[in-house]
Structures are given as structure tokens and as C-alpha cells.
Amino acid sequence: MRFAWKTMPQHCTWEDLLAVWREVDRIELYESAWNFDHFYPIYGDSDGPCLEAWVTLSALARETSRVRIGCMVNGAVYRHPAVLASMTSTLDIVSGGRLELGLGAAWNEQECDAYGIELGPLRDRFDRFEEYLQCVIGLLRDDTTSFEGRWFRLTEARNEPKGSQRPHPPICIGGAGERRTLPLVARYAQHWNFPGGTVETFRRKLDRLHECCAEIGRDPAEILVSTHLLQLPGQTHDDVVRQAETYAEAGLQLGIVYPWPPFDAGDVEALARRLEPLAG
């Protein structure tokens, strides 16, 4: 099993985030570090502070040197695919080829209603997301991209310079919907994040992902599988380790430690010592 770390950039300070990420970068057990893409806090008091994802991630890229970095996951409705592709290529270069590109259809009605962003019903959201994926991948990979869809249109669109990783940074799709999300993972992603739930649910969703891969002739071994190892308020390091052990038996490949703020940078090394026996 492999391990990573995720810090929600809400109800915390930049100094707290930076201290944690520096520790994660120092400890080789952790292969990647992640934040999330929201403008309002999604846990606790939604009136509290929340740092913007891409600005924060760019700053953290320059404050680290080893660990891979990503946002789990970027909401497709927040940025036009051409803007997102340009941001992706630039940050991949700035980070020295360490970027992982997390993408999702988005779900937060509160943010969208407040900012006048059209979220739309679920079917429209996923129709738009599939177009979004095709546009972003084309812009990251090809010299020019033309696309004509219901939601997006590109006409010999360029995105230069390309990122350091070719054909593009690994794409992580988050979500667990069996009808739309998992078929999109099978077709477009190199990493699937199961956002959370019981181990039994994880097993069922993983089986469905394998079915989706079989339907299009893709080897599911090409897709990294992750979930969050939650440390909720009141939980201990023992709770995180128990989650890791249980998910490892169910076939999880990457466990992402996901604590609630306030953050303590000392937890990064303390948990690494506890998780080390499960690494492999």
C-alpha cells in the first residue's frame, strides 16, 4: 500500500498548511499531497475562511521539491477547460513535472448559487463533464484542438507550452457513481479516488470499475485506486491505521491521510511511523 496526505484549505492559516506540506515533502513514505477546490468551507462553518485551490497549490509547489502535488478534485464548472488546461501545463512546468490533475463534475450548490455559476441537474452536469474531459485532454496533448459540443466549442485551439509530463499529467477523477462517473474513469483517468464510504461499498464500486474497463477493453491495472483515511475530530492515529488496514485487504492502493483542521505538522511523522509496516 502507498500513502499520501491531503489538507483541506479551510479554517486554517497558510502557515499551518505550509508546515504540514514541508513535513510531507520530507518524509518519503508519502508520495503525494493534495488540497481541495472550494471557495466556501465544506465542513463546519461555511462562513469561515477557505483558501483558493490553485493559488495555494502553486505556492506549495514552490515550497516543496519531491512530493507529487494535486487538487482532489477541481470542479469542472469553476473554470473553462481552456483556462484549466493552461493552468495545468504551467503548474506542471513550475513544479518540475510533479502535478496530478484531479477533475470532477462539481456538486456544491451553495457556492454555485452564491456566485451565479450554473451547476445544473445531474444529467447535464455529467454531459458537460465528459465534454470538459475531452477538451482538457486534447489541449494538454495535441498541437491544436477543435471540438464542437453542447457545452464547449474549440476551434484549432492551442495550449503552449505543454506541461513537462507527456502526454499529460495523470488525471484523477473523483466520485463513485456507477452509471456516469466510473465509466468516465475507465475511459479517461489514470487514477480513481473513491471519496469515502464503507469498505463494502468500496469493493462494489471497484468491481463496477473493473466491469467498465472490460467493456472498453482497458486493463484496470492502469488505474491507481485511492481513498481518504479520515481523521475526524476526536479520532486518533489508531483510527487512521485501522482504516488503512481494512482498505488494504479490500484492494486499495493509495491511502490518503485526511485530517480535520487545526493541523499539527507533528502528526505527519508520527503517522508515518505507524503506517510504515503497511507500505509496499
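A few notes on this one:
- Members of segment 97-106 found to be surrounded by 15 or more Cβ atoms within 10 Å (Cβ to Cβ) and of a type outside the set (Asp, Glu), listed by number: ARG98, LEU99, LEU101, GLY102, LEU103, GLY104, ALA105, ALA106
- Of all residues in segment 106-123, none satisfies being touching a Pro at 6+ places or on another chain (Cβ under 8 Å), at pLDDT 95 or above and within 26 Å of SER226 (Cβ to Cβ).
- Residue match in segment 120-138 (condition: small (Gly, Ala, Ser), touching a His at 6+ places or on another chain (Cβ under 7 Å), surrounded by fewer than 19 Cβ atoms within 10 Å (Cβ to Cβ) and in a loop (DSSP other than H, G, I, E, B)): no
- Against the conditions (1) open to solvent by less than 10 Å² (accessible area, probe 1.4 Å); (2) part of a helix (DSSP H, G or I), VAL77 satisfies every one except (1).
- For the condition open to solvent by 40 Å² or more (accessible area, probe 1.4 Å), in contact with a Cys (Cβ under 9 Å, 6 or more places away or on another chain) and within 28 Å of ARG180 (Cα to Cα), GLU222 qualifies.
- Of all the residues in segment 80-96, those that are in a loop (DSSP other than H, G, I, E, B) and open to solvent by 30 Å² or more (accessible area, probe 1.4 Å) number 2.
- Screening ASP238 on (1) open to solvent by less than 50 Å² (accessible area, probe 1.4 Å); (2) modelled with pLDDT of 95 or more shows it passes everything except condition (1).
- Contacts under 6 angstrom Cβ, first residue in segment 177-194 being without any contact (Cβ under 8 Å) to a residue 60 or more places away in the chain, partner of a type in the set (Ser, Thr, Tyr) and in a loop (DSSP other than H, G, I, E, B), 6 or more apart: none
- Within segment 168-203, considering residues that are in contact with a Pro (Cβ under 6 Å, 6 or more places away or on another chain) and not small (Gly, Ala, Ser), the one least open to solvent (accessible area, probe 1.4 Å): HIS191
The values are calculated or read from the model by the stated rules, or taken from the named source; none is laboratory data. Fair warning: this is a prediction, and the values are worked out from it, not measured in the lab. Ideal geometry is used to build each Cβ from the backbone, glycine not excepted, and the neighbour counts take in all protein chains shown. Protein only, heavy atoms only, side chains kept; ligands, DNA and RNA dropped before computing areas. Shrake-Rupley method; radii C 1.70, N 1.55, O 1.52, S 1.80 Å.
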